[in-house]
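The values are calculated or read from the model by the stated rules, or taken from the named source; none is laboratory data. Just so you know, these numbers come straight off a predicted model, no measurement behind them. Here the Cβ is made from the backbone with ideal geometry for all residues, glycine too, and neighbour counts use every protein chain on show. The protein model used for the area step is the full one, side chains on, heavy atoms only, and it has no ligands, DNA or RNA in it. Shrake-Rupley method; radii C 1.70, N 1.55, O 1.52, S 1.80 Å.
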Number of protein chains: 2
Amino acid sequence: MKQSAVTIKDLAKELGISPSTVSRALKDHPDISPETKRLVNALAEKLDYEPNTIAMSLRSKRTNTIGVIIPEIVHFFFSTVISGIEEVAYKKGYTVMFCQSNEDYEKEVIDTKALLAHRVDGLLISYSKETTNFDHFREIQRKNIPLVFFDRVPTDELHCSTITINDFESAESAVDHLVIENHLRIAHLAGPQNLNISKQRLAGYKRGIEKHKLYFEEGYVQYCGKGDFEEGYRCTNELLKLSERPNAIFANNDVAAYGAMKAIKDAGLKIPEDIAIMGFSNWQFASLTEPQLTSIAQPGIEMGKAAARRLILELEAKDEDLPPVDQVLKTDIIVRGSTRSTQK
Amino acid sequence: MKQSAVTIKDLAKELGISPSTVSRALKDHPDISPETKRLVNALAEKLDYEPNTIAMSLRSKRTNTIGVIIPEIVHFFFSTVISGIEEVAYKKGYTVMFCQSNEDYEKEVIDTKALLAHRVDGLLISYSKETTNFDHFREIQRKNIPLVFFDRVPTDELHCSTITINDFESAESAVDHLVIENHLRIAHLAGPQNLNISKQRLAGYKRGIEKHKLYFEEGYVQYCGKGDFEEGYRCTNELLKLSERPNAIFANNDVAAYGAMKAIKDAGLKIPEDIAIMGFSNWQFASLTEPQLTSIAQPGIEMGKAAARRLILELEAKDEDLPPVDQVLKTDIIVRGSTRSTQK
DNA sequence: ACCGAAACCGCAAACGTTTGCGGTGAAAAA
DNA sequence: TTTTTCACCGCAAACGTTTGCGGTTTCGGT
């Protein structure tokens, strides 16, 4: 069960010099003669010496590791974010430790404890739908370790950098799009309201309704808490019962949108002729369905990259505390068959 | 940038006793009096002492960390595997460090180096499509650190435990299913042949063809290397040119199957009446499309769990070397509209 | 011949734990 | 009273690095 086991001491003994000299030689310290450096490096190569990062961490108090907590990995958007995180972390010489909270508050606090125990240099977090208590985040800050939120971010009680998309404007322009396609009775399948993103999307939707002076009634906003397929199906059936039946549905996410699609098909209605559907996130399969789903593309990879870049920036600005920044990424409406009223 | 900073020494100084005593008291060592233990634990609680895992690792040579390398995270199947891994790792008190190779050989070897440098206790790997040289895996073994492969596993030159599904039988029963549904000219979109899984699926397909004495010609097997949507589309168009046009296509994976679906629709043919389609992996969206895709469900979560369980077993069987085991998980055919010839 | 400055290197402590071994005091046995 | 036996605790080394400080040479300059 031993690792490679060749240490600086071994090199030193072999060469009849001191460990300090070996250490310095390996890092090209000016105090060491070129000749010695040559010898040391040659031997290190030969015995394939590899520095013990654990020992280095113990001294330097840095692990070159960043911790990531996301609600769930089996989720198209989050998996793209992770991918982005991994990419820049790798390029900057960091490795990532990762946990999923499974949308469970308890697990989330245990995860943060675990990552702190493993002495990650910094943390990247998108918190669970359940999380309303932020004490575990405050604990992180108390220990002075950098923390960046992405996608699901707290309103600014914690002073952390955040990476988000412009949910409000995206939702608003979703309404714009539907109006252009001549759908004027637009309903919304809203997400969990303790998540800022859901609130913003709902708010953007309402803004769009007002801006265009569209018809609206209470029933047009259906709150589907979990936002899964079944909820989308159920909520859409509610919408179909309304006397002023909407002719477009803007869903908080793609999966709920597909629930809506099924409900509409089951009701014998046509998409988009009778009712148009629009999702949010542009999941991989949005282009594979029939009709294809119009959706709002969230730049997941970019978000991951931005979050990681920001965190590493804060990590490496040793002394001076950088003031937190809120970076907002742009989305794109991907127009497909589920809303296109006219010809292809 | 300091962590909580309270150490065993601090506790010792505060209580006027030695660090060794504190250490022992905290681990409930019999040499320490109940009274002292009480005092130590009380103070530890008060100052919220947390053991420095780095220091512990340095002594014990164990990090309680397992490394995972997968081809890509933005992939339904692999994300489910990771999810399973995380779940059991968490339960057993391990955290996971994770890298994606992006199907790139060079990145894969760099990743293994990085994980080894971070002194993970063991590794879980599914290698890239490009990988044909296994030296970096041998290096891991040389260092005597446990390694378990899953899904994409080497043929037994390395002596490692593996977790796979029964690709051969699954493919064979896919053919069985198609025959039952009365599709007797079955083509196959094959995957990259340096991957065992692809070879097995192809072999299982061929076995099915022979068993049922079905019509076959060379052109019925199309090799789509990358196995993505475009390849599936392209290869299917090749199939459509054949004089004895197949009336069923069994694809190596779901995405390719959707490429096939598009090609068939574009050709003005009906699914499954003219040509049935069957995928492999049962991606999330298989039930959301029109028609829904018949596919073979791989138990991703189970695979992840099994792999992690096996690795941890080997990790904790300190001395005696466990002989490698090959665990094969069962799949299920999920029958949907893309192959169902009859009613419903 | 002496001094000063380079150039090169080693000592030892430190990071926070763990642990073998030995030491103390007091109670029990002789 | 002396010895043995406990119960309890501290010393110090070790894990593999890094680094401030000081020590030896060697050499060019006066």
Which whole-number percentage describes the relative contact order of segment A:1-81, with Cα contacts under 8 Å and a sequence gap of 6 or more? 25
Given an 8 Å cut-off on Cα distances and at least 6 residues of separation, report the relative contact order of segment A:8-51 as a percent. 35
Rg and Dmax of segment A:1-55, Cα atoms, in Å? 10.9, 37
Per the Kirkwood treatment, what hydrodynamic radius in Å, one decimal, follows for chain B from the mean inverse distance over all distinct Cα pairs? 22.8
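Can you give the extra length, in nm with one decimal, that the chain gains between residue A:141 and residue A:335 once fully stretched, where that is 0.36 nm per residue apart less the Cα-Cα distance? Please list the in-between numbers first.
Numbers: separation 194, 0.36 × 194 = 69.84 nm, distance 4.20 nm.
Taking residue A:141 through residue A:335 to full extension adds about 65.6 nm, to one decimal.
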Using alpha-carbon positions, what is the distance between the centroids of segment B:26-84 and segment A:1-65, in Å? 28
Quickly work out the residue B:267-to-residue B:110 label distance, labels modelled 7 Å from Cα along the C-beta direction, and quote it in nm with one decimal. 4.2
Please report the relative contact order for chain B, taking Cα pairs under 8 Å with a sequence separation of at least 6, and give it as a percent rounded to a whole number. 16
Accessible area of residue A:134, 1.4 Å probe, to the nearest 10 Å²? 20
Return the Rg/Rh value of segment A:114-170, two decimal places, where both radii are evaluated on C-alpha atoms and Rh is the Kirkwood radius. 0.98
Checking understanding here: applying a Kyte-Doolittle mean of at least -0.5 and a length along the axis of at least 15 Å (C-alpha), which whole DSSP H helices in chain A pass? A:76-91, A:105-117, A:167-180, A:254-266, A:300-316
From the helices alone, meaning DSSP H stretches of at least four residues, give me the mean residue ellipticity at 222 nm for chain B, per-run term -39500 (n - 2.57), in deg cm²/dmol to the nearest 500. -13500 deg cm²/dmol
State, in angstrom, two size descriptors of segment B:119-224 derived from its alpha carbons: Rg to one decimal place and Dmax to the nearest whole number. 17.3, 55
P(r) of segment B:61-192 over all Cα-Cα pairs, 5 Å bins starting at 0, rounded to whole percent, reads 2, 9, 18, 20, 18, 12, 8, 6, 4, 3, 1, 0, 0
If Rh is defined by the Kirkwood formula over all Cα pairs and Rg also comes from Cα, what ratio Rg/Rh do you get for segment A:1-116? 1.16
Per 0.36 nm of contour for each residue apart, how much would the distance between residue B:211 and residue B:27 grow if the chain were fully extended, relative to their Cα-Cα spacing? 59.9 nm
Please list B:63, A:155 from largest to smallest accessible area, probe radius 1.4 Å, with all protein chains kept in place. A:155, B:63
Can you give the alpha-carbon Rg of the protein assembly as shown over 2.2 N^0.38 Å, where N counts its residues? 1.08
Could you give the accessible area per residue of the protein assembly as shown, probe 1.4 Å, as a whole number in Å²? 43
Cross-link reach from residue A:91 to aspartates and glutamates, straight Cα distance under 18 Å and at least 8 residues apart if same chain, gives A:121, A:302, A:314, A:316, B:72, B:103, B:104, B:106, B:108, B:111
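Exactly which trypsin sites (Lys or Arg not before Pro) in segment B:139-215 are in a DSSP loop and have at most 11 other Cβ atoms within 10 Å?
B:213
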Straight-line reach from residue A:206: which aspartates and glutamates have a Cα under 12 Å away, not including same-chain ones fewer than 8 places off? A:169, A:172, A:176, A:217, A:218
Links exceeding 21 Å between C-alpha atoms in this model, out of B:107/B:199; B:113/B:226; A:46/B:113; A:143/B:37; A:9/A:92, come to B:107/B:199; B:113/B:226; A:143/B:37; A:9/A:92
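If exposed means no more than 10 neighbouring beta carbons inside 10 Å and the site is in a DSSP loop, what's the longest run of chain A without any exposed GluC sites (Glu not before Pro)? Show your work: numbers first, answer last.
Working: sites that count: A:157, A:273, A:320.
In chain A, the maximal stretch lacking such sites is A:1-156.
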For residue A:292, distant residues with modelled amide H under 5 Å away: A:337, A:338
Just checking the output field for A:116-128: average partner chain Cβ neighbours within 10 Å of each residue's Cβ? 2
Along the positive direction of the dipole of the protein assembly as shown (beta-carbon charges: Lys, Arg +1; Asp, Glu -1; about the Cα centre), which of B:21, A:289, A:256 reaches farthest? B:21
Segment B:196-258-segment B:105-142 distance, computed between alpha-carbon centres (Å): 32
How long is segment B:167-298 along each principal axis, judged by its Cα atoms, biggest number first, in Å? 31, 31, 26
